[in-house]
Amino acid sequence: MFLFEFIGILGLVNITYIIIVLVVILLSMTLHEAMHAFASNWLGDDTARLQGRLTLNPIKHIDPILTLLLPIMLAIAGAPIFGGAKPVPFNPNNVRYGEWGVAIVALAGPLTNFLLAFISFGLWVAVGTPSRGIIGQFLISAVSVNLGFFIFNMIPIPPLDGSRVLYTLAPEFVRRGMEAMEQFGVMIVFIVILFTGSALGMFMANVINFFFELFSRIFML
């Protein structure tokens, strides 16, 4: 059974679902950003730690629009849920291993979301794959939200995390273009969402369903 068949069973537009999604978002994005900070500190740059971002306090990481408004609106609309948070500051010149170190810092956040999705799916299987009730809703939401955050943040568009990975592998002329785009910050992300809304939603839904099927095979469902 596909992920969105389960979400259809849950009933998207209800207050319980919205509260559950909000809790999942806060937990997921807090761990996402904290792992960026941890990775940069581990690789030799203490910028995030000195600015108070090496913490599990969600208030330090929340972006009102990307962390709260956008994901909640998507949840109400029944669309795949994705979003972001305040970027964790770090100085790439202080990170060990050069551009590869920067890529590790970038990957730390999305991979945390992927791991959370996998663990949540495993827990959902362990408790009997419930499609109703608070536990079932919470675990299925944790899978879908974390996969959404993983996929969205791995899109190689500055300033998303995937762009840092692409930058490490890209030729010089592509790097210069990415640096020019990064000057506009999160505005680039809003423009992409605005002009590719339905296509982006379909892409996200298809990739989330792919991973949901993959997890189902791993856990032999």
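Every read-out reported here was derived from the displayed coordinates using simple, explicitly stated rules and does not represent laboratory data. Owing to the predicted nature of the structure, the values given are computational and were not obtained by experimental measurement. Counting neighbours? That spans all protein chains shown, and the Cβs are built from the backbone with ideal geometry, glycine included.
Of everything in region 49-65 that's in contact with a helix residue (DSSP H, G or I) (Cβ under 8 Å, 6 or more places away or on another chain) and either aliphatic (A, V, I, L, M) or touching a residue at least 60 places away in the same chain (Cβ under 8 Å) (or both), which residue is farthest from A205 (Cα to Cα)?
Going through the qualifying residues, I end up with L54.
Just checking, how many residues over region 124-136 are over 21 Å from I218 (Cα atoms) and under 24 Å from the mean Cα position of the chain (by Cα)? Explain how you work it out, then say what you get.
The initial filter retains those residues of region 124-136 that are over 21 Å from I218 (Cα atoms), namely 132-135.
If we keep only those that are under 24 Å from the mean Cα position of the chain (by Cα) as well, we get 134-135.
So the answer is 2.
Would you mind telling me which numbered condition in (1) in contact with a Phe, Trp or Tyr (Cβ under 8 Å, 6 or more places away or on another chain); (2) touching a residue at least 40 places away in the same chain (Cβ under 8 Å); (3) over 27 Å from L69 (Cβ atoms); (4) of a type outside the set (V, I, T) L147 fails?
(3)
Among the residues of region 37-86, write down those that are under 24 Å from N14 (Cβ atoms), of a type outside the set (G, A, S) and surrounded by fewer than 15 Cβ atoms within 10 Å (Cβ to Cβ).
Across region 37-86, the qualifying residues are P64, I65, L69, M73, I76.
Which fully enclosed helices (runs of 4 or more DSSP H) of region 126-193 have 1 or more residues being in contact with a Gly (Cβ under 9 Å, 6 or more places away or on another chain) and crowded, with 16+ Cβ neighbours inside 10 Å? Walk me through it before giving the result.
Numbers: elements: 133-153, 161-169, 172-182.
Correct list: 133-153, 161-169.
Suppose the filter is surrounded by fewer than 17 Cβ atoms within 10 Å (Cβ to Cβ), of a type in the set (F, W, Y) and either in contact (Cβ under 8 Å) with a residue 12 or more places away in the chain or assigned to a loop (DSSP other than H, G, I, E, B) (or both); does F215 pass it? It would help to see each step written out before you state the result.
Working: surrounded by fewer than 17 Cβ atoms within 10 Å (Cβ to Cβ): no; of a type in the set (F, W, Y): yes; either in contact (Cβ under 8 Å) with a residue 12 or more places away in the chain or assigned to a loop (DSSP other than H, G, I, E, B) (or both): yes.
So F215 does not fit the description; no.
Using the structure shown, decide if F121 is more than 15 Å from the chain's Cα centre (by Cα), more than 18 Å from A85 (Cα to Cα) and in a helix (DSSP H, G or I).
Working: more than 15 Å from the chain's Cα centre (by Cα): yes; more than 18 Å from A85 (Cα to Cα): yes; in a helix (DSSP H, G or I): yes.
Yes: the conditions hold for F121.
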